[in-house]
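Beneath this line is the structure, given in structure tokens, with notes to follow.
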Amino acid sequence: MALEKATGHDKKLQDRLLESGEVPQHIAIIMDGNGRWAQRRGLPRIAGHHEGVNSVRDIVEACGQLGIKYLTLYAFSTENWKRPEDEVSLLMRLLLKALRDEKDRLHQNEVQLKAIGEIHKLPHDVQDELLDGIEVMKTNTGLTLILALSYSGRWDITNAIRKMYDDIRSGALKQEDITEALFGTYLATRDYPDPDLLIRTSGEVRISNFLLWQLAYSELYISDEFWPAFRRKELYAAVAEYQRRERRFGMVSDQLKKQEGTRVIPLSGMERFLKSVSKL
Ligand code: IPE
Ligand code: IPE
Ligand code: MG
């Protein structure tokens, strides 16, 4: 199976972006503004969620074509369960339909599907469809698409501490072995590098309990577009802005210039941990 390629003007835009600098290895997106997009059109909020699926399709495809390795989409937060029951239930039905409808296309595009969050809290049919998609696509080699579902950063950190406590009690882990790198291996994102670029749509400037630990040094990009209107051209603008940024990681510009040529490849939590262990 092969990735559908960009064509025409879109291909030119992608080529220009690829020539002008490095694309982020991992993009995370807070897909916000579905309700407002619909309400501005006199439509029910769910119509915005519905149209938002078309944005997901477009952004996933464009990320794959650009060679971006990881895309994490914040689709449903822990706090979103507190929304009116009918909206939550419609969102879950829509999620099920989207997973069913998009599965073949994602698979054809070599996407590897993953999920983070309290998956066991999702309706059973959604869980089944999700796990089936993950299984079907597990050997694909293209974009890794990570859906954050019933996810929150505070849940992730609390859950990690709970698991570490179990390991300390069983003797598998010693308190003195706890490092930042090791902590990362207890998070739901243990297999992925931290996001290089975080995009939030709809003009809101907040994290809303997303990847609190992992966003430590991500570049932040706020788009005024509502998610259903956020398509590949807006993504290209975000990546172009990312390429103009200087990521200093606490250092000063001159140090970074000296390092030029030695590309720093962000490591996943597990890679960082293995590296730190191999030095012991
Ligand atoms: C994002 O859009 C989708 C989810 C949080 C599930 P919203 O539903 O938050 O839309 P607004 O922000 O109310 O417009
Ligand atoms: C964040 O959007 C969660 C998702 C996009 C899934 P919200 O709409 O829930 O965030 P707040 O309430 O505006 O902070
Ligand atoms: Mg919102």
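For the residue pairs LYS233/LYS258; LYS5/LYS97; LYS103/LYS138, alpha carbon separations beyond 22 Å are given by LYS233/LYS258; LYS5/LYS97.
For segment 203-236, the list of trypsin sites (Lys or Arg not before Pro) that fall in a loop by DSSP and count at most 11 other C-beta atoms within 10 angstrom reads ARG206. Across segment 8-278, the mean sequence separation of Cα contacts (distance under 8 Å, 6 or more residues apart), normalised by length, yields a relative contact order of 26 percent.
Pairs of alpha-carbon atoms within less than 8 angstrom and 6+ residues apart define the contacts here; what relative contact order does segment 40-128 have, in percent? Before the final figure, lay out each step's value.
Details: 22 pairs, mean separation 30.9, N = 89.
RCO, segment 40-128: 35 percent.
Of VAL205, VAL23, the sequence from fewest to most neighbouring Cβ atoms within 10 angstrom is VAL205, VAL23. Under the shape rule built on the C-alpha gyration tensor, where the axes satisfy a ≥ b ≥ c, the chain is oblate, since a/c reaches at least 1.5 while a/b does not exceed b/c.
The trypsin sites (Lys or Arg not before Pro) found in segment 34-138 that occupy coil by DSSP, while having at most 13 further C-beta atoms within 10 Å, are ARG40, ARG41, LYS138.
All of the numbers you see were taken from the coordinates with simple rules; none came from a lab. Please read all numbers here as calculations on a predicted model, not as lab measurements. Note that each Cβ is placed from the backbone with ideal geometry, even for glycine, and that neighbours are counted across all protein chains shown.
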